[in-house]
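Peer 1: Got a structure for you, questions after.
The values are calculated or read from the model by the stated rules, or taken from the named source; none is laboratory data. Predicted, not measured: the structure shown is a model, and the values here were computed from it. Backbone-built Cβ (ideal geometry, glycine too); neighbour counts: all protein chains shown.
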Amino acid sequence: MARIAGTTIPNEKRIVISLTYVYGIGPTRSKLLLKEAGLDENIRTKDLTEEQVNVIRDTLEKHGYRLEGDLRRDILSNVKRLKEIGSYRGSRHAKHLTVRGQRTKTNSRTVRGNVRRTTGSGRRALTKT
């Protein structure tokens, strides 16, 4: 089992997909990382040698990407700052509503708590007495 940035990545998947399990690494960054490390994208994680895993870790450290806990902390502090200064975006975050201008009249019902359940025929079930 390979551990990168404090995350255990899956063994059975290709390395390009496994790296996306680390918070802060998406498909694009994963491909660029492997290209720079000189590794094939189609290798399974279980087939990597310890040396190859270390090359991936070194490449991540060299670029100084914010990953996992540091990235989550940064995002939380940014949202907290928006709330404290009383910005519109901060108030939307506080109310758990959409922040980026999406329509909310017909979409985002589950976020607003307006979940519509389908109903039956409208006819009540007969009760046995």
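Peer 1: Glu36 is checked against (1) exposed (fewer than 12 other Cβ atoms within 10 Å of the Cβ); (2) assigned by TED's automatic domain parsing to the domain that holds Gly6; (3) among the acidic types (Asp, Glu) and fails just one. What number does that condition carry?
Peer 2: (1)
Peer 1: For segment 1-33, give me each residue that is surrounded by 15 or more Cβ atoms within 10 Å (Cβ to Cβ), assigned to a helix (DSSP H, G or I) and among the basic types (Lys, Arg).
Peer 2: Arg29
Peer 1: Looking at Arg103, Arg66, Arg3, can you tell me which residue is of a type outside the set (S, T, N, Q) and touching a residue at least 12 places away in the same chain (Cβ under 8 Å)? Steps first, please.
Peer 2: Working: Arg103 fails: touching a residue at least 12 places away in the same chain (Cβ under 8 Å); Arg3 fails: touching a residue at least 12 places away in the same chain (Cβ under 8 Å).
One residue alone meets the criteria, Arg66.
Peer 1: Here is a list: Thr49, Thr59, Thr45. Which entry is exposed (fewer than 12 other Cβ atoms within 10 Å of the Cβ) and closer than 21 Å to Ile15 by Cβ? Working first, answer last.
Peer 2: Numbers: Thr59 fails: exposed (fewer than 12 other Cβ atoms within 10 Å of the Cβ); Thr45 fails: exposed (fewer than 12 other Cβ atoms within 10 Å of the Cβ).
It is Thr49.
Peer 1: Right, next: Does segment 72-120 hold any residues that are of a type in the set (D, E, K, R), within 30 Å of Ala5 (Cβ to Cβ) and part of a helix (DSSP H, G or I), and which are they? Step through it out loud before you land on a result.
Peer 2: We begin by selecting, within segment 72-120, every residue of a type in the set (D, E, K, R); these are 72-74, 80-81, 83-84, 89, 92, 95, 100, 103, 105, 109, 112, 116-117.
Next cut, within 30 Å of Ala5 (Cβ to Cβ) only: 72-74, 80-81, 83-84, 89, 100.
Across segment 72-120, the qualifying residues are Arg72, Arg73, Asp74, Lys80, Arg81, Lys83, Glu84, Arg89.
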